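Below is one structure; the comments refer to it alone.
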Amino acid sequence: MFVSHSDLWSMTRTTTGLCLRSDPRRPGGISGAPHWVKVRPRALYGVASEKKKSPIFTGDELHYVSVPNSDWTLALWRYLPSPQSQGRPRRNHPLLLLSGVATNAIGYDLSPQSSFARYMSSQGFDTWILEVRGAGLSTYRMDFGKVKQPLDAMRDSSVEHGMDGFLEARQNSAIISQIRDVSQMLVNIVEKGQLPVPEQFLDLQGRFFTRLEEFQKQLDLILKYDWDFDHYLEEDVPAAMEYIRTYCKPKDGKLLAIGHSMGGILLYAMLSRCCSEGRNFGFTSIATLGSSLDYTTSKSSLKLLLPLADPAKALNVPVIPIGALLSAAHPLASRPPYFLSWLSSQVSAQGMKHPKLLDKLVLNNFCTVPAKLLLQLATAFQEGGLRDRSGTFFYKDYLRKSNVPVLALAGDQDLICPPEAVYETAKLISEDFVAYKVFGEPGGPHYGHYDLVGGRMVADQVYPCIIEFLNRNDVI
């Protein structure tokens with residue numbers, strides 16, 4: 001469902017969060033009832049291009065869950081089992097979807113015709129997409145009396161926040177200067193992949209720094225981008241899982257889960273942590289799409305970003321604005337004369353996404369990356385693979401003890417997480433509990449990093465494979 005300016009929403013307060021959903025029974029304004037709120041339309045809209053806004057939230061219900069001991073409130077997009085699922089066996093477990101690094105829920109629901117989430121709900125699964133802190137509609141210091149404007153919807157507006165006071169102008173200037181320095185390195189990395197081109201066609205630096213100026217409007221919030229991978233692992237995902245368990249009440253207290261890219265890395269890391277600590281996994285099965293804990297044996301294109309790690313650490317830069325760079329570079333990658341076409345192949349194999357859907361994905365799905373997150377993820381390219389923030393716990397080490405069924409999928413032309421990287425993690429799991437499959441044929445079709453989620457052929461090739469796996473493991 002698309003949200004319009006006239007939509008009214010029901011807000012149900014729970015012990016851990018709140019739920020927003022359309023309610024046609026209450027025409028007109030809202031008064032008196034504390035459980036009702038009219039959502040500011042801007043809060044559910046994002047920038048689809050520089051000239052036109054498009055609706056962002058397209059789920060059936062929008063839930064918010066508080067993270068204990070944190071000022072962050074996470075967004076959960078819910079997709080109810082659709083009428084088309086009637087006649088199918090009743091599902092025993094809700095399904096949790098986790099997105100990749102620096103992305104929001106949109107990648108799972110690009111359009112009615114290209115929607116991973118809608119397909120799963122059409123198969124009878126109560127489907128939930130988590131937006132971790134700093135992504136999409138998740139908010140900082142949320143006031144439960146009104147839904148505040150989310151971070152990613154504030155690209156062209158003034159910032160609303162609950163912080164007292166503002167940073168001194170001198171400090172603002174210094175931090176923006178630091179971000180500029182690291183951002184220039186990022187621009188240089190992108191341009192290294194290109195032959196010299198006419199200046200009028202490739203003003204990437206100018207485009208990028210124009211977008212960077214927008215950060216000054218929300219610098220106080222950007223300075224709160226102070227988290228790493230372990231925050232997601234230890235705080236965000238467990239809070240979302242507990243909320244869904246409480247709300248859906250599966251008989252065995254478990255969930256099904258699917259993770260794309262970093263979302264799959266989080267699932268692997270959770271299994272490893274639970275094995276090391278002897279805790280209940282909380283999952284009946286997991287599927288990972290283009291994910292690995294160890295990239296050392298692969299030729300992942302993410303190695304291009306490794307030169308950013310040390311400068312970012314040395315300068316104490318809070319964020320790396322990858323989303324802004326992709327938005328600035330995308331027109332040069334997707335339109336004639338295609339000077340940055342190699343960037344598009346990082347997202348999708350040639351011909352696997354409709355151009356308009358690729359535009360929507362790149363312009364709306366990516367956001368700012370905390371430098372601390374990038375630094376921790378960079379350990380996946382070091383001997384031993386991804387480790388915790390202390391550097392002493394290797395997430396690969398305990399996977400062999402897991403007895404949770406795993407489906408590990410790879411794309412044959414995934415440049416970010418190549419098949420050999422996916423296999424490097426899958427092989428650590430007992431063969432009784434893992435299935436590994438590469439999608440793509442020598443003569444095509446081919447699958448890039450995001451094609452496993454929303455490519456042109458997924459409904460015929462990838463989704464049935466996932467559904468068969470979920471059906472087999474959706475048991476009490």
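The values are calculated or read from the model by the stated rules, or taken from the named source; none is laboratory data. These figures come from a predicted structure and were not determined experimentally. Cβ: placed from backbone, ideal geometry, glycine included. Neighbour counts: every protein chain shown. Ligands, DNA and RNA are excluded from the accessible area calculation, which covers all protein heavy atoms including side chains. Shrake-Rupley method; radii C 1.70, N 1.55, O 1.52, S 1.80 Å.
Which order, highest average first, do 261-269, 374-382 follow once you tally other Cβ atoms within 10 Å for each residue and take the mean per peptide?
261-269, 374-382
Calculate what fraction, in whole %, of the accessible area of region 324-476 sits on carbon and sulfur atoms when a 1.4 Å probe is rolled over the protein chains.
Using a 1.4 Å probe with all protein chains present, region 324-476 comes out at 54 percent carbon and sulfur.
Could you rank Val462, Val132 by how accessible they are, 1.4 Å probe, largest area first?
Val132, Val462
Relative to the present Cα-Cα distance, how much length would full extension add between Ser390 and Ser70 at 0.36 nm per residue of separation?
Computed gain between Ser390 and Ser70 is 113.1 nm.
Provide Glu61, Glu242 ordered by accessible surface of protein heavy atoms (probe 1.4 Å), highest first.
I get Glu242, Glu61, largest accessible area first.
Please pull out the direction-averaged projected area of region 403-476, using the convex hull of its alpha-carbon atoms, in nm² to one decimal place.
Spelled out: convex hull of the Cα atoms, projected over all directions, averaged, 5.4 nm².
Please compute the alpha carbon radius of gyration of region 380-433, then divide it by the globular-protein estimate 2.2 N^0.38 Å. Two decimals is fine.
That works out to 1.23 for region 380-433.
In Å, what Rg and Dmax follow from the Cα atoms of region 336-446?
Rg then Dmax for region 336-446, in Å: 17.2, 51.
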